[in-house]
Amino acid sequence: MTLGTPYPHSFEEFLAWQRDLTPEQREVRERERDAALRDEIGQRNAAHRVAMAQRLSNLGPRFAERTLDSYDCPPGDPMALEIARDIVAVDGQRGVWLCGGKGTGKTHLAAGIVNALTNRAIAATFVSVIALMDQLKANYDRNGKPRVNQVDVIHWLAAVDVLVLDDIDKAEFTSYTSQRLFALINQRYEQGGYYRRRPVIVTSNHMPADIAIRWRKKGLDELIGDAIFDRFRELCGQFVRVEGESYRERMMQERLA
Ligand SMILES: Nc1ncnc2c1ncn2[C@@H]1O[C@H](COP(=O)(O)OP(=O)(O)OP(=O)(O)O)[C@@H](O)[C@H]1O
Ligand SMILES: [Mg+2]
């Protein structure tokens, strides 16, 4: 039996229902109406959650457009793309350390993962480590005095489902910022359970061991450096070399030609 529109759109329609329909037909209609309302609310909630996740993704205009589908293979690295797709397939419950030469598409892949996850309403946040360090340093004035109204995003970044740390090797760390990085990594490490992890996706031109050596040479606290990079082992889980030539260079050459 087709009863047309599942719920009355006006009071007149409601009266007509009462008048024209048998009690059984009314019951069927009411059930259809309830299901339609639940559907509508569900869809609105889902759309709202996706919009929220997208707003929190922190992707700038350039990388907001980068997706895994727009990562060309070749010249891109098919294995790195497959790993990125696998991360999306498990709803971001796996991290990765993407290491490779300049312009090989590491940030593109990381942004592509964030885009795909936020479309699934998963809280994935992209952070440039240089910008994060600058933000943290701004909490202190030139004389090293803490400013009032300090903004420390560490607690928030510790809580997002998936965190991307872009260009970790390009940032200049100080004793203070390395401690804040430790706090961030340690909180994610401690909060992540077996069933609900807090993975991290890192992009870098170097592997963690090389960065730890550089930190030591710069006189940064060895224990903190080792503790950070040790935790990355679990939070990233896989360490991948992104092979290939610089796409950036290639695009520039094409433009000049
Ligand atoms: N395989 C690819 N397909 C499409 N676009 C690509 C690919 N690789 C890189 N790009 C584009 O080239 C530009 C440079 O890539 P990206 O910034 O991701 O490189 P990177 O590996 O992060 O470099 P760096 O080490 O300097 O940070 C970006 O605009 C990116 O979207
Ligand atoms: Mg990059």
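The values are calculated or read from the model by the stated rules, or taken from the named source; none is laboratory data. Keep in mind the model is a prediction, meaning the values are calculated, not measured. Cβ atoms come from the backbone with ideal geometry, glycine included; neighbour counts cover every protein chain shown. What goes into the accessible areas is simple: the full protein's heavy atoms, side chains included, and nothing from ligands, DNA or RNA. Shrake-Rupley method; radii C 1.70, N 1.55, O 1.52, S 1.80 Å.
Would you say R142 is within 22 Å of T118 (Cβ to Cβ), part of a loop (DSSP other than H, G, I, E, B), among the charged types (D, E, K, R) and out of contact with any Lys or Arg (no Cβ under 8 Å at 6 or more places or on another chain)?
no
Look at L163 and say whether it is touching a helix residue (DSSP H, G or I) at 6+ places or on another chain (Cβ under 8 Å) and part of a helix (DSSP H, G or I).
No: the conditions fail for L163.
Can you run down the residue pairs with Cβ atoms below 8 Å, 6 or more apart or on separate chains, where the first is in the stretch 245-257 and closer than 17 Å to Y71 by Cβ and in contact (Cβ under 8 Å) with a residue 60 or more places away in the chain and the partner is within 7 Å of ligand 1 (Cβ to nearest atom) and part of a helix (DSSP H, G or I)?
If the second residue must be within 7 Å of ligand 1 (Cβ to nearest atom) and part of a helix (DSSP H, G or I), the pairs left are Y247/H108.
Taking the stretch 145-171 only, how many residues are on the phi < 0 side of the Ramachandran plot, away from ligand 1 (no atom under 16 Å from the Cβ) and either open to solvent by 50 Å² or more (accessible area, probe 1.4 Å) or out of contact with any Lys or Arg (no Cβ under 6 Å at 6 or more places or on another chain) (or both)?
Count: 16.
Would you check which residues across the stretch 237-256 are more than 16 Å from ligand 2 (Cβ to nearest atom) and under 23 Å from the mean Cα position of the chain (by Cα) and list them?
G237, Q238, F239
Filter the stretch 105-126 down to residues that are open to solvent by 10 Å² or more (accessible area, probe 1.4 Å) and touching a strand residue (DSSP E or B) at 6+ places or on another chain (Cβ under 9 Å) and give me whichever is nearest to ligand 2 (Cβ to nearest atom).
If we take residues in the stretch 105-126 being open to solvent by 10 Å² or more (accessible area, probe 1.4 Å) and touching a strand residue (DSSP E or B) at 6+ places or on another chain (Cβ under 9 Å), then T107 is nearest to ligand 2 (Cβ to nearest atom).
Checking the condition loosely packed, with under 14 Cβ neighbours inside 10 Å and under 21 Å from the mean Cα position of the chain (by Cα), which residue from Q187, Q191 passes?
Q191
Can you name the helices (runs of 4 or more DSSP H) wholly within the stretch 31-135 that have at least 2 residues being of a type in the set (D, E) and away from ligand 1 (no atom under 12 Å from the Cβ)?
78-89
Under 7 Å between Cβ atoms, at least 6 apart or on separate chains: pull out the pairs that start in the stretch 159-180 with a residue that is of a type outside the set (A, V, I, L, M) and end on any residue that is open to solvent by 50 Å² or more (accessible area, probe 1.4 Å) and within 16 Å of ligand 1 (Cβ to nearest atom).
D167/I130; D169/H206; K170/I130
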